[in-house]
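Each remark here refers to the structure printed beneath this line.
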Amino acid sequence: MATQTADMAPTNAIEFRNVSVSFDEIPALTDVSFQLGRGEMIFLTGLSGSGKSVLLRLAIGLLKPDSGQIFIEDREVEGLDESDLLAIRGGSMGMVFQEDSLFSGLTVYENAAYRLRELGWAHEQIDKAVSEVLRFVGLEGEEDKLPEELSGGMRRRLEIARALMGWPTIMLFDEPTTMLDPIVAVRVLDVIIRTRDVNRSSAILVTKKLNEIPYLARHTASEDANGEVVIRQAPPEQLPKTKVILLDSGKIVFAGSVSDFQQSDSPLIRELLALDPHDHSADPYFPDPWEKRRRPKEEIL
């Protein structure tokens, strides 16, 4: 997995400084500034059309700002040529898009290996990397299946696996549990927790499902004495580094802790919270999300 020595490590994973961008003279983001620290997870939320997906595409270099500066691991994106940007996307960053971006004619193995083949990795290196990552997301044994043979949850985990190839230090997730039922969504969130804590990735996660925020902020993943990854609710002194950023009409209207976000009397935040009125505190949780004996065969991811 990707690591850096302390003296070489960048100050921040991502930094936006007064970034603005418009489309057809309509502002999409206006004067946006924030920092994603190393090992930190930012929950980016807001109503539809608030600029969340635009921000992610700016962060990965698929869009360029009209003004302001964007830094990836202390390197200003504006000063990078296309080959440098491709190297960042292929090495430092991975992104899970909101829409299905799997190649329908390629198997699970071929979808996972695609990015590494584009980067010119040797066959032996690819084989080892694909095996390791598919095992990490719980898709070992599914290598020869086509995407159409997978459930929705399995396809999302394959999307994450493909983004994880090469173990990038920065992960971007654009509403990764869209269209998934609550039980399946929790298992996908567990993969994200594993990615953040075991692979030690910095991450921005876009979501309108506000119940996902406290779940991701209060659970951690670690390896036990047998080398197995265990996900548990963290004690207060061991909570992961997280914060919430709320966008409204392309502007940051809140940036702070999860607890401050939940307790805020902002009308917009109260409106967002009201969109998910269900009390999720009693929702079922499976310590081992890949344990097939816990659910009927037809529901296996």
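The values are calculated or read from the model by the stated rules, or taken from the named source; none is laboratory data. Nothing here was measured: the structure is a model prediction, and the numbers come from that model. Here the Cβ positions follow ideal geometry from the backbone for every residue, glycine too, while neighbour counts run over all protein chains shown.
General remarks:
- Filtered residues of segment 194-234 (kept if of a type in the set (Val, Ile, Thr), surrounded by 23 or more Cβ atoms within 10 Å (Cβ to Cβ) and part of a helix (DSSP H, G or I)): Thr195
- Any chance Phe16 is at pLDDT 95 or above and either surrounded by fewer than 21 Cβ atoms within 10 Å (Cβ to Cβ) or not in a strand (DSSP E or B) (or both): no
- Residues that are surrounded by fewer than 18 Cβ atoms within 10 Å (Cβ to Cβ) and hydrophobic (A, V, I, L, M, F, W, C) within segment 122-165 comprise Ala122, Leu146, listed in sequence order.
- Single residue of Glu148, Glu124, Glu159 found to be farther than 23 Å from Arg232 by Cβ, part of a helix (DSSP H, G or I), in contact with a strand residue (DSSP E or B) (Cβ under 7 Å, 6 or more places away or on another chain) and modelled with pLDDT of 90 or more: Glu159
- Just one of the numbered conditions (1) of a type in the set (D, E, K, R); (2) at negative phi; (3) touching a helix residue (DSSP H, G or I) at 6+ places or on another chain (Cβ under 8 Å) is not true of Arg57: (3).
- Unmet criterion (only one of (1) surrounded by fewer than 19 Cβ atoms within 10 Å (Cβ to Cβ); (2) outside any helix (DSSP H, G or I)) for Glu78: (2)
- Checking Ala221, Ala255 one by one, the residue that is in contact (Cβ under 8 Å) with a residue 12 or more places away in the chain and farther than 29 Å from Ile26 by Cβ is Ala221 and no other.
- When residues in segment 93-115 are screened for being of a type in the set (Gly, Ala, Ser) and farther than 30 Å from Asp74 by Cα, 2 of them pass.
- The residue of segment 87-106 that is nearest to Glu149 (Cα to Cα), among those that are among the polar types (S, T, N, Q) and in contact (Cβ under 8 Å) with a residue 60 or more places away in the chain, is Gln98.
- Glu110 meets the stated requirement of being over 22 Å from Phe43 (Cα atoms), modelled with pLDDT of 95 or more and either outside any loop (DSSP other than H, G, I, E, B) or of a type in the set (Phe, Trp, Tyr) (or both).
- Cβ-Cβ contacts under 6 Å between residues 6 or more apart (or on different chains), taken from a first residue in segment 62-86 that is over 21 Å from Ala163 (Cα atoms) to a second residue that is of a type in the set (Gly, Ala, Ser) and assigned to a helix (DSSP H, G or I), are absent.
- Going through (1) more than 29 Å from Leu239 (Cβ to Cβ); (2) surrounded by 22 or more Cβ atoms within 10 Å (Cβ to Cβ); (3) under 17 Å from the mean Cα position of the chain (by Cα); (4) not charged (D, E, K, R) one by one, Ile88 falls short only on (2).
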